[in-house]
Amino acid sequence: MNPYILAILVLSLGLGTSLALTSSHWLLAWMGLEINTLAIIPLMAQYHHPRAVEATTKYFLTQATGAAMLLFASTTNAWLSGQWEIQQMTHPVPTTMIILALSLKTGLAPLHTWLPEVLQGLDLTTGLIMSTWQKLAPFALLLQMQPAHPAILVILGLTSTLVGGWGGLNQTHLRKILAYSSIAHLGWMILVLQFSPSLTLLALMTYLVMTLSTFLVFKLNKATSVNMLAISWTKTPTLTALTPLILLSLGGLPPLTGFMPKWLILQELTKQDLALTATLAAITALLSLYFYLRLTYAMTLTMAPNNLTGLTPWRLQSGQTTLLPALSTSMTLLLLPLTPATLSMLSL
């Protein structure tokens, strides 16, 4: 792709997200989301592969549906209450419609079915943008709207954690596994959104860091399926030793960073007398943990069919930069001891 066009598209992505993050008016927020969608579509379709074109079409249709629903709901709210402000959502019908529209745009269950299919058709770099940057704008709008409907948010959260765990169990493609992982993590954030927005923000930040390091590691290994992970130890032994820890951090095991948001969210739900919800969320986290353990097993305890089992193959020096994966991996593995400092910063 022409570097000038690429720069314009990346700047448009930044502009769309910034517009949605900073606006307090529904029309401006809608414009930001639309700019975001239109900027990423050429990035998704830049490799003229049937799968990429199919993924781009599916993504465009779902985002257009979500945007139309959002515009209709915000207009209905203005008609009923005379308010265009995001914080002034008073009527239950448009509020519910907007929550569902933003859930469709983010990929929350049960409106999640487009996300694994779209991610499967993209390369790892565009998939990374889709799993991280594209979640920011809809999430910012959901955060501004709270406290909205307690019941609908809890139902969406629990459904997402369950579907995210259940859907990833039988997958062999890494991008689909990461899509279901994304759905499960978003479910955890939505669960606690109305009770502690700052905790949702903390969960979102840790999710962004963990997903960034996972995608970058897979990109360094050029791995897109579980079988390709199994042979990565001969190419990058050190990275292969760290990858299981990154995956277990995504699963939320102590003493890794991923344990922090889950621990605090369960604590907050228990404080709000939602012990049953907390128990269900913790049980669904076990489903997610299973498929992370599957990937870990494939990387560490299986050996690819290779005659020279004890020898690493001759290989060229990799030209890929390793600074960003090193930083994000360190943050993914080592931030749990900073939990008290993080809590005092977020003034929880």
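The values are calculated or read from the model by the stated rules, or taken from the named source; none is laboratory data. Note that the structure is predicted; figures quoted are calculated from it, not measured. Here the Cβ is made from the backbone with ideal geometry for all residues, glycine too, and neighbour counts use every protein chain on show. These accessible areas exclude ligands, DNA and RNA; they are computed on the full protein's heavy atoms, side chains included. Shrake-Rupley method; radii C 1.70, N 1.55, O 1.52, S 1.80 Å.
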Kindly provide the set of residues from the stretch 227-241 that are within 27 Å of residue 121 (Cα to Cα) and open to solvent by 20 Å² or more (accessible area, probe 1.4 Å), ordered by number.
227, 228, 231, 233, 235, 236, 239
Elements of type helices (runs of 4 or more DSSP H) in the stretch 64-140, at least 1 residues being under 16 Å from residue 153 (Cβ atoms):
92-106
Residue 51 fails exactly one of (1) open to solvent by less than 10 Å² (accessible area, probe 1.4 Å); (2) part of a helix (DSSP H, G or I); (3) not aromatic (Phe, Trp, Tyr), namely (1)
Quick check on the stretch 169-215: of everything there that is open to solvent by less than 30 Å² (accessible area, probe 1.4 Å) and among the β-branched types (Val, Ile, Thr), which residue is nearest to residue 110 (Cα to Cα)?
183
Taking the stretch 258-284 and keeping only residues that are over 30 Å from residue 329 (Cβ atoms) and of a type in the set (D, E, K, R), one is left with 271, 273
Pairs under 6 Å by beta carbon, first residue assigned by the TED database to the domain that holds residue 16 in the stretch 63-88, partner part of a helix (DSSP H, G or I) and basic (Lys, Arg), six or more apart or different chains?
66/105
